[in-house]
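Notes follow once the structure below has been shown.
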Amino acid sequence: MAGLMAHFPELPSEVSPTEPVPMPLPEISAAELTVSARIGAFLFKNRGWLPILFIGVPLLAPGHAAPERWVIGGVLILIGELIRLAGVAAAGTTTRRRSRNVERLVTYGIFAWSRNPLYNGNFLVWIGFCVISGVMWFLPIAVLIFAAEYSLIVRYEEGVLESTFGRQYLDYKNCVPRWLPKKPEDPPQGEYNWGGAIKSEVSTFIQYAVLIIAFAIKGYYNL
């Protein structure tokens with residue numbers, strides 16, 4: 001029988017041995033299916049447009065720029081960008097992604113203090129520019145808008161991470177606060193790529209420079 005079977009051509013299988021077997025898609029978590037998470041998914045994919053409101057109003061609305069406000073705003077921007085750099089150095093350039101595909105869960109470094117350090121950094125940067133502009137009436141409005149928009153975005157991201165990493169992410173979520181940093185008792189260790197982080201932020205540095213020049217011109221001409 002073995003000799004007879006050897007003369008028959010081998011029937012092709014559905015999956016060739018040389019082709020990679022596709023991995024099953026992760027189950028979608030209940031957190032990712034909530035209404036707030038779905039709204040957050042839309043904002044997440046279009047979050048590149050969100051700073052326009054935060055910067056546009058302070059840039060176009062009349063305000064009183066003063067030297068002390070430049071100092072306070074500059075300090076806030078510096079702290080915010082240092083937080084961003086620490087986050088990118090740990091997580092890599094995937095922080096600029098627009099898809100829901102996540103390769104790894106980063107829990108060390110600044111991510112051991114807060115689950116959303118990059119957004120904390122963004123908040124300080126945007127508030128810093130608002131202070132520099134002297135349009136102080138917009139400051140509380142900016143805080144409320146940021147809180148509403150990024151709370152929804154974070155709901156979506158948390159749902160995706162729960163879908164992707166399951167119990168591993170839930171354990172991390174239970175130990176690390178969402179927003180306000182908390183010093184970890186036993187912080188995990190990991191790798192950092194500071195050179196890659198700085199390179200990734202070059203476009204951000206250019207944006208800062210353009211905005212600083214724009215606000216300086218606005219203040220000089222009392223626009």
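No lab work stands behind these numbers, since they all come straight from the coordinates. Because the structure is a prediction, the values reported are computed rather than measured. A quick note on method: Cβ atoms are made from the backbone with ideal geometry, for glycine too, and the neighbour counts reach across all protein chains shown.
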| task | Could you give the size of the charge dipole of the chain about its Cα centre, using +1 on the Cβ of each K and R and -1 on the Cβ of each D and E, expressed in debye and rounded to the nearest 20? | result | 780 debye
| Charge-dipole axis of the chain as Lys and Arg at +1 and Asp and Glu at -1 on Cβ define it, positive-most pick from Ala41, Val106, Tyr220 | Tyr220
| request: Using just the helices of the chain, give the 222 nm mean residue ellipticity in deg cm²/dmol: DSSP H runs with n ≥ 4 each add -39,500 (n - 2.57), and the total is spread over all residues, rounded to 500. | output: -19000 deg cm²/dmol
| field | For the stretch 91-221, the spread of Cα positions along each principal axis, largest first, Å | value | 56, 33, 31
| Listed candidates (1) 120; (2) 137; (3) 190 - label of the one calculated as volume of the Cα convex hull per residue in Å³ | (3)
| task | Assign unit charges at the C-beta atoms only (+1 for Lys and Arg, -1 for Asp and Glu), then state the dipole size of the stretch 144-196 relative to its Cα centre in Debye, rounded to the nearest 20. | result | 160 debye
| field | 17 Å tail of the calculated P(r), the stretch 24-78, as % of Cα pairs | value | 65 percent
| task | Note down the relative contact order for the chain as a percent, whole number, built from C-alpha pairs under 8 angstrom at least six residues apart. | result | 34 percent
| note | Longest principal axis of the chain (C-alpha) makes with the long axis of helix 138-165 (C-alpha) an angle, in degrees to the nearest 10, of 10 degrees
| request: Find the lysine pairs in the chain meeting two conditions, Cα atoms under 26 Å apart and a separation of 8 or more places or different chains, and report how many there are. | output: 4
